[in-house]
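The block underneath contains the structure these notes are about, expressed in structure tokens.
Readers should treat all values here as calculations from the given coordinates under stated rules, not as data from a laboratory. In this text, all values refer to a predicted model and were calculated from it rather than measured experimentally. A quick note on method: Cβ atoms are made from the backbone with ideal geometry, for glycine too, and the neighbour counts reach across all protein chains shown.
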Amino acid sequence: MTKGSDLLVAALANEGVDRIFGVPGEENLDVLESLRHSAIELVLTRHEQAAAFMAATYGRLTGRPGVCITTLGPGALNLSTGAAYAHLGAMPMVMITGQKGILSSRQARFQVVDVVASMKPLTKLSRQIVSPQMIPIQVREAFRIAAEERPGPVHLELPEDIAAEECDALPMIPPHPTELPVAGAAALDRAAAMILAAERPLVMLGAAASRPRSTEDLAQFVLRTRIPYFTTQMGKGTVPGGTALYMGTAALSERDYVHEAIERADLIITVGHDTIEKPPFIMGPGGPQVIHVGYQPATVEQVYFPQAELLGDIGPSLRLLADRVEGRIPNAGALLPLRDGILARIADRATEERFTPQRIVHDVRQVIPADGIVALDNGMYKIWFARNYRTTQANTLLLDNALATMGAGLPSAMMAAMLHPDRHVLAVCGDGGFMMNSQEMETAVRLKLNLVVLVLEDGAYGMIRWKQAVDRFADFGMTFGNPDFVRYAESYGASGWRVERIGDFVPTLERAFTAGGVHLVTVPVDYSENTRVLVDELRERLPVA
């Protein structure tokens, strides 16, 4: 006879699932046994949060839902941050949690919390499976909902008695491709007229522009229109940065050098902008007109209220728009004269002989090839990487500018290394964020990943400490001690390196990548540049209009 857990695993295999991340518990033992007899790999992590980050990153990089599994109560609740990470970041993911039996209550309320209800605000769908016969259809629905626009997490709870219940084998529901509609002719004509009439047009590439399905059409749109572009933090790499049309990345909401172009633009075509990102620019009553190109209608906010919208599959819609304007835009390159000055000032002091953020970004870029992947945790360095790190391929700088949670950098890099074992993968973490999921170093070593982890050490929650100083509060409550990171890495079976001279940084990274396996490289970071550049210099050079 077949069990409910067998149906679940068969339904997952039917969706093309090849691996599941998580920490199973007593309530998942039937599922675990069914997995043992399947071709699906169980990737055991050391914390449920890391499993969710890995599953979400799988969805981000492949476009297909990643899957994670935990037990009930405490295990399930440990997915909450990962669920929010995927929900705000639009990453398709399916979370499967266990639960005590629902047909009897032999352990009363022990460990029982209403996980289905707790997950509802953090997911596109949260549902308990109450019958084995419903498993194939509920799994198919979960994957469809997780992957469709706007992608995100879905939660299924499988009680242990439903998983163990014997039942007849059931046919699986085959997945089918879905085609998204494209923007309508009237909307395309209106947008084309606005572009042709613009005196200083500019393109912005946002988070949704980085979907794997759209990147080729986006690059062609920029090349066909010859309109210069900038990106949001999560839109980096969507179009090759070497097109000579790249104007920079909006790592801040205003005042930065790229905003010289943004503030002069009279029309901004925002492609894939999701207002869940920190605003890349702030619209006001006297600002430029905005055309919103997206899979879904714009979310109107105080700082974002477009005057026109192109809704539908982004790639084909942009193809149709380019057909209408190619070779006919009289002022396509009007803002290009600003480009060299913007990029030169962003690169200022990138080769100073000290561990400044600019130098660290510069040296990492030297070592990482064009297809190499850098996964950032959250901290002050994220702004510097978003601002200064040039990308030429989509999804080669993974950062979170939506939930912006600490602790995601290492698991995200691990997932990238699993998907791309032949590419250089670097996790960049502050000492605070690294320690939030540092136990996953054991997982990385056990999985025999090729991965380098860069830990920037300042002994503090640096971003908040910087903000504390900028707002003229006393320096209080932000500092801590660290373990010896070299010995810490070695205790997990990884290699550890401490770099104390900036000239040794590049050679150390190169040695680590050449050697293969898991390496941790720790360097000090000099954050004095935060105030000099991101406050004093920008305030002086670019006052708010």
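From the residues LEU158, CYS68, ALA52, which one has its Cα farthest along the dipole of the range 2-167 in the positive direction, the dipole being from +1 and -1 charges on Cβ of Lys/Arg and Asp/Glu about the Cα centre? So the residue furthest toward the plus end is ALA52. When the square roots of the Cα gyration tensor eigenvalues are ordered a ≥ b ≥ c, the ratio a/c for the range 1-115 is 1.5 or more and a/b does not exceed b/c, which makes its shape oblate. Let a ≥ b ≥ c be the square roots of the eigenvalues of the Cα gyration tensor of the range 136-207; is it rounded (a/c under 1.5), or, if not, prolate (a/b larger than b/c) or oblate? Prolate. Net charge in the neighbourhood of GLU148 (other residues with Cβ under 15 Å of its Cβ; Lys, Arg +1, Asp, Glu -1) is +2. Inter-label distance, LEU42 to ILE464: 3.7 nm, where each label sits 7 Å from its Cα along the C-beta direction.
When the charge dipole of the chain is built from unit charges on Cβ atoms (+1 for Lys and Arg, -1 for Asp and Glu) and taken about the Cα centre, the candidate among PRO212, VAL182, ASN378 whose Cα reaches farthest toward its positive end is VAL182.
The calculated FRET efficiency for the pair GLU149 and ALA244, based on their C-beta separation and a Förster distance of 22 Å, comes to about 0.10.
Near GLN99, the amide H atoms lying under 5 Å from its own belong to LEU158, GLU160; only residues 5 or more places off or on other chains count, and H is placed 1.01 Å from N. In this structure, the residue pairs whose Cα-Cα separation is over 19 Å, taken from LYS278/LYS382; LYS278/LYS467; LYS382/LYS448; LYS120/LYS382; LYS124/LYS278; LYS236/LYS467, are LYS382/LYS448; LYS120/LYS382; LYS124/LYS278; LYS236/LYS467. Distance from the C-alpha centroid of the range 450-505 to that of the range 1-36: 39 Å, rounded to the whole angstrom. Charges were assigned to the Cβ only: +1 to each Lys and Arg, -1 to each Asp and Glu. The resulting dipole of the range 410-511 about its Cα centre is roughly 140 debye.
Each Cα pair under 8 Å and six or more residues apart adds its separation to the average, and for the chain the resulting relative contact order is 13 percent. Placing a label point 7 Å from the Cα of LEU103 along the Cα-to-Cβ direction, the residues of the range 1-38 whose backbone N falls under 19 Å from that point are 1-9, 27-34. Most simply put, the range 2-167 has about 10% antiparallel DSSP beta bridges, counting only bridges with both residues inside it.
Positive end of the dipole of the range 347-536 (Cβ unit charges, origin at the Cα centre): among THR522, VAL445, ALA417, the Cα lying farthest that way belongs to ALA417. Take the Cα of ARG446, step 7 Å toward its Cβ, do the same at ASN482, and the gap between the two points is 2.6 nm.
If you plug the beta carbon distance of ASP422 and PHE473 into 1/(1 + (r/R0)^6) with R0 = 51 Å, you get a FRET efficiency near 0.60.
With a ≥ b ≥ c taken as the square roots of the eigenvalues of the C-alpha gyration tensor of the range 347-536, please select rounded if a/c is under 1.5 and otherwise prolate if a/b is larger than b/c or oblate if it is not? Taking the square roots of the gyration eigenvalues as a ≥ b ≥ c, the range 347-536 is prolate. The ranking of HIS362, HIS292 by Cβ neighbour count inside 10 Å, starting from the fewest, reads HIS362, HIS292.
Could you give the size of the charge dipole of the chain about its Cα centre, using +1 on the Cβ of each K and R and -1 on the Cβ of each D and E, expressed in debye and rounded to the nearest 20? So the magnitude is around 820 debye. Taking other residues whose beta carbon is less than 13 angstrom from the beta carbon of VAL445, and scoring Lys, Arg as +1 and Asp, Glu as -1, yields 0. Across all C-alpha atoms in the chain, the radius of gyration and Dmax reach 24.2, 75 Å. Annotation: amide H-H contacts under 5 Å for LEU205 (H modelled 1.01 Å from N, sequence separation of 5 or more, or interchain): PHE230, THR231, THR232, VAL271. The range 272-299 and the range 114-156 have their alpha-carbon centroids 30 Å apart. Couplings for the range 40-49, taken from phi via the Karplus curve 6.51 cos²θ - 1.76 cosθ + 1.60 with θ = phi - 60°, read 7, 7, 8, 9, 7, 9, 9, 7, 5, 4 Hz in order; Gly and Pro are left as x. Ordering 94-101, 523-530 by mean Cβ neighbour count within 10 Å, with the highest value first, yields 94-101, 523-530. Most simply put, the chain has about 5% antiparallel DSSP beta bridges, counting only bridges with both residues inside it. Database remark: amide H of ALA427 closer than 5 angstrom to the amide H of ALA375, VAL452, VAL453, LEU454 (H placed geometrically; neighbours at sequence offset of 5 or more, or on other chains; Pro and chain starts carry no H). Simple spin-label estimate for GLU301 and GLN133 gives 4.7 nm between the two label positions (7 Å along the Cα-to-Cβ direction from each Cα). Among beta bridges from DSSP that stay inside the range 185-340, the antiparallel ones total about 5%. Calculated FRET efficiency, VAL112 to ARG532, Cβ-Cβ distance, R0 = 41 Å: about 0.15 to the nearest 0.05.
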